[in-house]
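A.B. asks: I have a structure I would like to understand better, so I am pasting it below and will then ask my questions one at a time.
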Amino acid sequence: MLSRITAFLYGVVCYLVFFVTFLYAVGFIGNFAVPKSIDSGALVPIFLALTINLALLGLFAVQHSVMARPWFKAAWTRIVPVPVERSTYVLFSSVALLLMFWKWQPMGGAIWSVRSTSGRVALNALFAAGWLTVLAATFLINHFDLFGLRQVWLYLCGRPYTQLEFRTPGLYRYVRHPLYVGWLLVFWSAPVMTSAHLVFAIATTAYILVAIQFEERDLVRFHGEYAEYRRRVPMILPIGSAKQRTQLKSQSA
């Protein structure tokens with residue numbers, strides 16, 4: 001039986017690993033303030049670099065998706081205690097990302113390069129807005145539950161874990177996946193889009209679009225009202241019919 005204090009400390013450590021990984025990701029994708037970024041390092045043959053990068057992206061995609069599926073959780077929690085299941089998921093995701101940051105290969109070449117000062121400022125502002133959107137989206141639903149701290153805190157206090165209710169606060173009234181909107185802004189808001197960055201952006205965008213399908217299937221299963229929410233609210237782009245906009249305004253009033 002995992003002690004409550006040990007579980008809590010483990011959850012805190014996992015969260016700190018995530019937090020460091022998150023901060024490093026800002027510099028890695030933005031090409032600043034980190035020792036190894038998406039475009040830094042010695043060039044290797046293009047096909048070798050592409051193979052390595054796709055393998056790293058694939059490893060993260062498989063880990064991130066498979067470990068989030070209910071059937072995997074049901075089997076996994078026979079080994080890993082339930083209170084630390086989410087923290088362990090966060091830890092594994094962070095390790096997969098850190099491995100990608102470490103082994104990522106630059107590929108040279110610029111697909112586009114924005115030279116105007118105003119254009120670069122605008123793209124950097126969108127890049128920053130993307131990160132803020134990602135953080136805001138996690139706090140709107142429950143940041144600490146999403147990253148495992150709520151689970152280990154409740155276990156430490158001797159209180160049973162309760163599933164979060166289905167809610168659509170703030171940005172979730174306008175798009176179903178504001179978290180992914182933030183990520184897409186982060187991935188594509190590049191004043192200089194190199195070959196390596198383009199591969200990263202295309203692969204992560206494709207992953208997001210596929211992951212949404214699995215995620216929404218689970219949400220419909222666990223939250224019956226999600227089917228109606230999916231019908232009313234756009235997935236990524238906040239574009240809908242006049243009727244949808246009227247409904248959203250009346251709900252937020």
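Any read-out appearing in this document is the output of simple, stated calculations on the displayed coordinates, not a laboratory observation. Everything numeric in this text was worked out from a predicted model, so none of it was measured. Here the Cβ is made from the backbone with ideal geometry for all residues, glycine too, and neighbour counts use every protein chain on show.
A.B. asks: Compute, for the chain, the length of the dipole vector about the Cα centre, with Cβ point charges of +1 (Lys, Arg) and -1 (Asp, Glu) only. Units Debye, rounded to 20.
C.D. replies: That gives a dipole near 480 debye.
A.B. asks: OK, next. Going 7 Å from the Cα of L50 toward and past its Cβ, which residues in region 202-229 have a backbone nitrogen under 20 Å from where you end up?
C.D. replies: Flagged as within label range: 202-207.
A.B. asks: State the answer as a single residue: which of T88, F72, M193 lies farthest towards the positive end of the charge dipole of the chain, with beta carbon charges of +1 for Lys and Arg and -1 for Asp and Glu, about the Cα centre.
C.D. replies: So the residue furthest toward the plus end is F72.
A.B. asks: Just from its helices, what would the mean residue ellipticity at 222 nm be for the chain, if runs of 4 or more DSSP H residues each count -39500 (n - 2.57) and the sum is divided by every residue, rounded to the nearest 500 deg cm²/dmol?
C.D. replies: Per the formula, -22000 deg cm²/dmol.
A.B. asks: Kyte-Doolittle mean at least 0.5 and Cα extent at least 30 Å along the axis: which DSSP H helices of the chain qualify?
C.D. replies: Both cut-offs are met by 4-30, 117-141, 195-222.
A.B. asks: Right, another one. Among F214, T168, G182, which residue has its Cα positioned farthest towards the positive end of the charge dipole of region 162-232, with +1 placed on the Cβ of Lys and Arg, -1 on the Cβ of Asp and Glu, and the dipole taken about the Cα centre?
C.D. replies: Sorting the options by dipole projection puts first T168.
A.B. asks: If you don't mind, there's one more thing I want to ask. For a Förster distance of 25 Å, can you work out the FRET efficiency between the beta-carbons of A128 and A206, rounded to the nearest 0.05?
C.D. replies: 0.55
A.B. asks: Ranking request for peptides 169-178, 19-28, 106-115: highest mean number of other beta-carbon atoms within 10 Å first, then the rest in descending order.
C.D. replies: 169-178, 19-28, 106-115
A.B. asks: Hey, could you grab the Kirkwood Rh for region 4-252? Inverse mean 1/r over distinct alpha carbon pairs, Å, one decimal.
C.D. replies: Radius from the Kirkwood sum: 19.8 Å.
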